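As structure tokens, the structure follows; a few thoughts come after it.
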Amino acid sequence: MEIVRRNKASSLESAEGGAVSTIPLYRSAPAIEVRLEDFELYAVHRLRVLKGISDGLSRGKKVNEMEKLVNELWRANMMQVEASDVVNKDVISHFVLRLVYCREEELRKWFLSMESTLFRYRFQLETPEAQRALLVEFDLPYKAVSSAEYESIKDKLNQVVRSIGQSLSTADTIYYKVPFEQVPDLVASRRVFLLKGYAYVATNQVVSLLMTQYRSHLSKALVLTNRKWTSMIREQEKDRLTPIIEALSTSYLGPDYSQPKEFAEITLKDIDQVAKSSFPLCMSHLFVKLREDHHLKHGGRMQLGLFLKGVGLNLDDALAFWKTEFSKKVGAERFDKEYAYSIRHNYGKEGKRTDYTPYSCQKIISSTPGVGNHHGCPYRHFSEENLRAALGKMGVGNRAMEEVIDKVRNRHYQLACTLTFEAIHGELCDAGINHPNQYYSDSRKILDSKNKSRVS
């Protein structure tokens, strides 16, 4: 089956207001030539949409808030091409990410959930004409309820409409009689009338039926894609596409923070104060351990060292900072021989002269620290008891702490860090925490603003 392309109008318009969007069904990969740079760029743009949806769902946004969020994410990331290329970008990005996320069960589950959610809200943003056209394209084997059957259950249908707080009159809509297992979300939320194993789905609820079909198709497609990837594609494209594919699932999509952008360099006399007030838990923990043990293993040195570089600690101060601590354990001479080179290397002064960037949350979360290591993400790697103690020392109150722990239990580690930030600073962080240096930068902005307010 070919990928579906339609010309129906949509409310997902481009920034210029003239382009329209369609919803392909992604039933087969397109025979389209794609430049390698577009292959990766389109995937990154779609990934921003999916990660934005994931964050919105994790934060418990309501339906109308999610609809607005998806519209904004789509316009900002997927519509910034020529109108004639919008569908191609949509299709290409989907199939690239299908390759990226087919490779592991957890990746497949996440991609399936986010793409299904994206489909739901894109459908709801379509015009009624486009929705009906898509309904036809699904070719569902369900017929509208006859007038006689409708009259026999009309009162029951009206009761359901009233119970879910809708003003829709059943006389103004069409109902479809489908097996109840085809609309599990409607059944679970009691938003549909059930009778003898069938659900009576209103026109404005039909997206739930389409989502079930869409999700089933995509789930099977991901499994088949994984087989092709492992048996053929990965080896054939090991020098060209494979590195891109394997990197995308853990890629960070924001600023690299390789250089401090908004605040002046910090000095050694400032470092203890800013560590206490503005370091995220992952960096605060490393900082405290360094002060206590006068040593960190390689993973910890890299994670903390690059973070400090990003917040504005210059090379001379960095060398002095690390030497002061390490000399207490290994001596100054050994430090100069074994450790100073790597610090200069991080600042691009040795080796290939690469300007190394601080680690993102995604990179830190995906690390696997061993015994004696202190790097990684505390929200992922700490026991609940240790995490509670650490949060308490940061000043997180009991109510906020329970919310953080709840997010940790559900493996929403970045959202747990975001809630920690909000609890400590008393302000919302709508963008979410995606990078330790972002945490620092946002913290400094808030604290500087509060200090200025006190002065004035």
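Structural remarks
- Each of 421, 160, 290 was scored by the projection of its Cα onto the charge dipole of the chain, and the greatest displacement toward the positive side belongs to 290; charges sit on the C-beta of Lys, Arg, Asp and Glu.
- Selection among 343, 330, 232 by position relative to the dipole of the range 230-368 gives 330 as farthest towards the positive end (Cβ unit charges, Cα centre).
- Dipole magnitude of the chain, debye to nearest 20 (Cβ charges: Lys/Arg +1, Asp/Glu -1, about Cα centre): 820
- Note, ³J(HN,Hα) from phi for the range 34-50, Karplus 6.51, -1.76, 1.60, rounded to Hz, x at Gly and Pro: 10, 5, 4, 5, 6, 3, 7, 4, 4, 5, 4, 5, 5, 5, 4, 5, 5
- Local net charge near residue 215, Cβ-Cβ under 15 Å (Lys/Arg +1, Asp/Glu -1): +4
- The value obtained for the chain, namely the Cα convex hull volume divided by the number of residues, is 202 Å³ per residue.
- Of the residues 405, 279, 212, the one whose Cα sits farthest towards the positive end of the charge dipole of the chain is 405 (charges of +1 on Lys and Arg Cβ, -1 on Asp and Glu Cβ, taken about the Cα centre).
- Computed [θ] at 222 nm, helices only, for the chain once each DSSP H run of length n ≥ 4 contributes -39500 (n - 2.57): -18500 deg cm²/dmol
- Note: the range 139-206, Cα convex hull, 88 Å³ per residue.
- Neighbour counts of C-beta atoms inside 10 Å place 333, 33 in the sequence 33, 333, starting with the fewest.
- The tail of the calculated P(r) for the range 271-455, taken as Cα-Cα distances beyond 20 Å, holds 55 percent of the pairs.
- In Hz, Karplus ³J(HN,Hα) per residue of the range 74-86 (6.51, -1.76, 1.60; θ = phi - 60°; x = Gly, Pro): 5, 4, 6, 10, 10, 9, 8, 9, 4, 3, 5, 9, 4
- Per-peptide average of other Cβ atoms within 10 Å, ordering 317-329, 146-158 highest first: 317-329, 146-158
- Peptides 279-286, 97-104, 66-73, 187-194 ranked from most to least packed, by the mean per-residue count of other Cβ atoms within 10 Å: 279-286, 97-104, 66-73, 187-194.
- Hz values of 3J(HN,Hα) by residue in the range 201-216 - Karplus curve (6.51, -1.76, 1.60), Gly and Pro given as x: 9, 6, 4, 6, 10, 5, 4, 5, 5, 5, 4, 4, 5, 4, 5, 4
Every number here is computed from the coordinates shown, using simple stated rules; none is lab data. All figures in this text were calculated on a predicted structure; none of them were measured in a lab. Glycine also receives a Cβ, built like all others from the backbone with ideal geometry; neighbour counts cover every protein chain displayed.
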